[in-house]
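What follows is a set of notes on a single structure, which appears directly below.
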Amino acid sequence: MASNNQDAWYLALLGLAEYFRTCSPPNIKCCIQCLQAVFNFKPPQRVEARTHLQLGTILLNHTKNIDLSRTHLEQAWQLSQTINNFDEVKFEVASTLSTLYEEQSQSNLSKPLLRKAIELSNGNCYWHCRLIFQLSQIHASEKDYQSACSLLGFGVDYAEYSMAHYTRVLFLLSKGMLLLIAKRFQEVHPLLQQASLLVEAWQGNQHQKEYLKVFFLVLQVCHYLMAGQIKSVKPSLKQLQQSIQTITQPSWPSDEEIVAENVGDMFMWMPKEHLCVLVYLITATHSMQGGYLDKAQKYTDKALIQIEKLRILEQQPILSTFQLLLLEQIIMCRLVMGNKTLALQEISQACALCQQHPRLLTTHKAPIHTLLGLYAMSMNCMEAAEVQFTAALRSSQERELWTFIHLNLAIVYLRTKREAEFQSLMDRINPETLASASHSLRAAAYYVQGLQSFFQARYNDAKRYLRESLKMANAEDLNRLTSCSLVLLGHIFLSLGNSRESMNMVTPAMQLASKIPDVHVQLWASAILKDLYRLCSEAVRENEAYQMHCNFSQMLLKDHFTASQLPEHALIHWMEGEFPVVVGQTPAIPSTSNVIL
């Protein structure tokens with residue numbers, strides 16, 4: 001009789017706790033009190049373990065008492081390991097406790113815990129796959145891509161054996177993503193080919209097929225973009241945009257409504273709302289690299305609006321990562337368009353985002369230094385630019401970023417007439433031996449070589465380098481590099497007294513720069529056109545070119561002065577630790593604004 005009474009008491013308490021948890025608004029304090037009271041009645045081991053899990057999860061999600069949450073979860077894990085047929089609780093505990101350890105930067109505890117859980121879950125397809133994904137994510141966050149890829153490869157084989165065909169492709173694509181991040185391009189190509197065949201041959205749930213297709217196309221497009229192949233990527237990017245339109249239609253079922261036939265296939269790479277933001281980000285990146293800056297701005301605006309809408313419903317860390325990546329793209333666009341004021345304020349926004357989320361600063365410190373270096377260059381603060389670029393090099397091991405920084409450092413040295421320092425970079429920016437797989441970076445390296453030859457009045461060498469740059473830029477629709485190469489060739493021909501050839505170079509350079517728009521190339525081209533029309537005795541056109549040059553010059557000077565007066569300008573001297581107090585103080589200017597302040 002006493003036992004029955006005890007059962008009734010703890011069952012009543014569990015029911016009451018659930019009521020308090022689910023009522024509107026939830027009463028978390030009463031829920032916790034009910035759950036804690038359950039232990040007074042010495043419930044069965046299964047109930048005790050489940051209650052520890054519930055308490056640990058609620059404390060983790062709704063309070064700041066992380067230590068108590070950890071204690072309950074550790075007790076739940078200890079109890080659940082000795083109970084048979086208790087998979088849901090056992091592996092939920094392992095997953096949640098591992099996440100807590102990660103948040104406390106204790107991967108030395110989370111990894112062995114997950115390895116043990118993976119070993120125990122071999123007979124449960126869903127949990128086995130989920131825990132493999134979780135452990136590989138930890139290895140990837142530590143940049144241990146070898147271990148992460150090995151785990152995902154094991155997941156591919158396990159999913160195939162378990163007839164979880166959808167999850168098999170997910171594992172395969174996840175491995176491809178990490179190989180891309182690790183720049184192991186030779187291994188990426190055959191893996192993407194295999195994934196492509198599996199997606200095309202898919203006979204299962206068509207909604208799942210479309211999600212796999214989006215994941216595959218995201219990787220394929222990123223592969224092209226990382227190789228600087230802006231033209232070659234266009235068919236794949238168009239397919240990706242069509243796929244994302246398909247899954248965001250009102251008639252498309254919600255993520256929760258898509259039912260898997262196999263319990264091991266109950267996974268999703270990313271919710272469709274996040275996929276939508278990601279595709280906007282990728283499209284903006286393509287537009288920026290290709291020199292379609294108005295398009296880049298349009299897609300950035302769409303993505304940022306979508307992020308703000310999602311933030312009303314959720315506070316996922318990935319949204320801040322997306323926002324930061326978008327800011328990095330649009331800042332570079334602003335600098336090309338001659339809007340340093342907006343660029344500086346958006347750099348400040350990026351810094352504020354990193355300040356709110358310290359983990360972002362760990363992963364994005366080098367890009368922040370690089371952007372500050374580019375801004376300092378645009379403001380003619382060459383000493384600050386050099387310091388920022390050097391800091392970026394110290395903060396990163398990314399080969400492509402290193403190459404990009406070295407090319408910009410080379411331009412700093414050329415503009416400050418430091419030939420010895422420029423020569424010290426030659427091995428790292430020589431287009432013939434460049435340590436980069438990027439077509440666009442190699443083309444840019446030829447341009448920098450041409451620029452150096454021009455400064456040294458070695459015009460034949462300069463023409464040779466610039467024609468190579470032009471050929472590569474044209475092959476992949478690198479519009480900005482094309483316009484820069486054309487205007488420099490025009491300047492060289494003007495210096496050689498070949499007015500006709502100079503005009504043939506500068507005219508298309510000006511047209512392309514207007515289309516981008518690149519205000520600095522327009523300024524440069526208008527100055528050359530003014531001289532060419534004077535040599536041709538065309539006074540009217542000479543005056544038009546002169547007025548155009550004055551307009552661009554005044555616009556840039558006005559913007560330069562405004563930016564220099566902003567308190568955020570002090571960011572060019574930031575190196576380590578806390579950002580200056582100015583970060584986050586200036587209200588954001590809407591990114592749709594084209595007004596030069």
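Tell me, which longest segment in the chain has none of the trypsin sites (Lys or Arg not before Pro) that fall in DSSP loops with at most 10 further Cβ atoms within 10 Å?
It works out to 65-416.
Rounded to the nearest Å, what's the spacing between the alpha carbon centres of segment 14-28 and segment 370-431? Just the number, please.
59 Å
If you average the sequence gap of Cα pairs under 8 Å that are 6 or more apart and divide by the length of the chain, what percent do you get for the contact order?
It comes to 9 percent, rounded to a whole number.
For the chain, which whole percent of the accessible surface, found with a 1.4 angstrom probe, sits on carbon and sulfur atoms?
54 percent
Calculate the translational D of segment 205-315 in whole µm² s⁻¹ from Stokes-Einstein, where the hydrodynamic radius comes from the Kirkwood formula applied to all Cα pairs, the temperature is 4 °C and the viscosity 1.567 mPa s.
Taking Rh from Cα pairs, D becomes 87 µm²/s.
Provide, as a two-decimal number, the C-alpha radius of gyration of the chain over 2.2 N^0.38 Å, N being how many residues it has.
That ratio works out to 1.16.
According to a simple spin-label model (label point 7 Å from Cα along Cα-to-Cβ), what is the distance in nm between Val259 and Lys309?
Label at Lys309, label at Val259, 2.9 nm between them.
In terms of the Cα gyration tensor, with a ≥ b ≥ c the square roots of its eigenvalues, is segment 39-151 rounded because a/c is under 1.5, prolate because a/b exceeds b/c, or oblate?
Values: a/c = 2.75, a/b = 1.42, b/c = 1.94.
Oblate, because a/c is 1.5 or more while a/b does not exceed b/c.
Between Ser105 and Gln241, what length in nm is gained on full extension when 0.36 nm per residue of separation is reduced by their alpha carbon distance?
Contour length minus Cα-Cα distance gives 45.2 nm.
Rounded to whole Å, give me the distance from the Cα center of segment 29-87 to that of segment 258-278.
30 Å
Taking square-rooted eigenvalues a ≥ b ≥ c of the alpha carbon gyration tensor, is segment 485-554 rounded, prolate or oblate, where a/c under 1.5 means rounded and, failing that, a/b exceeding b/c means prolate?
Oblate.
Relative to the first principal axis of the alpha-carbon coordinates of the chain, what is the inclination of helix 479-495, with its axis defined by its Cα atoms, in degrees from 0 to 90 and to the nearest 10?
With rounding to tens, the tilt is 20 degrees.
Taking the Cβ of Lys530 as the centre, find all other residues whose Cβ is under 14 Å away and add up their charges (Lys, Arg: +1; Asp, Glu: -1).
Residues near Lys530 contribute -2 overall.
How big is the dipole moment of the chain about its Cα centre under a simple scheme where the beta carbon of each Lys and Arg is +1, that of each Asp and Glu is -1, and everything else is neutral? Debye, nearest 20, please.
Rounded to the nearest 20 debye, it is 900 debye.
As a check on your grasp of the helix formula, calculate [θ] at 222 nm for the chain: sum -39500 (n - 2.57) over DSSP H runs of n ≥ 4, divide by the residue count, round to the nearest 500.
Numbers: 27 runs with 449 residues, N = 597.
Value at 222 nm, helices only: -25000 deg cm²/dmol.
The values are calculated or read from the model by the stated rules, or taken from the named source; none is laboratory data. Nothing here was measured: the structure is a model prediction, and the numbers come from that model. In this analysis, Cβ positions are derived from the backbone assuming ideal geometry, glycine residues included, and neighbour counts consider all displayed protein chains. Each accessible area value is taken on the protein alone, full model and side chains, heavy atoms only, with ligands, DNA and RNA left out. Shrake-Rupley method; radii C 1.70, N 1.55, O 1.52, S 1.80 Å.
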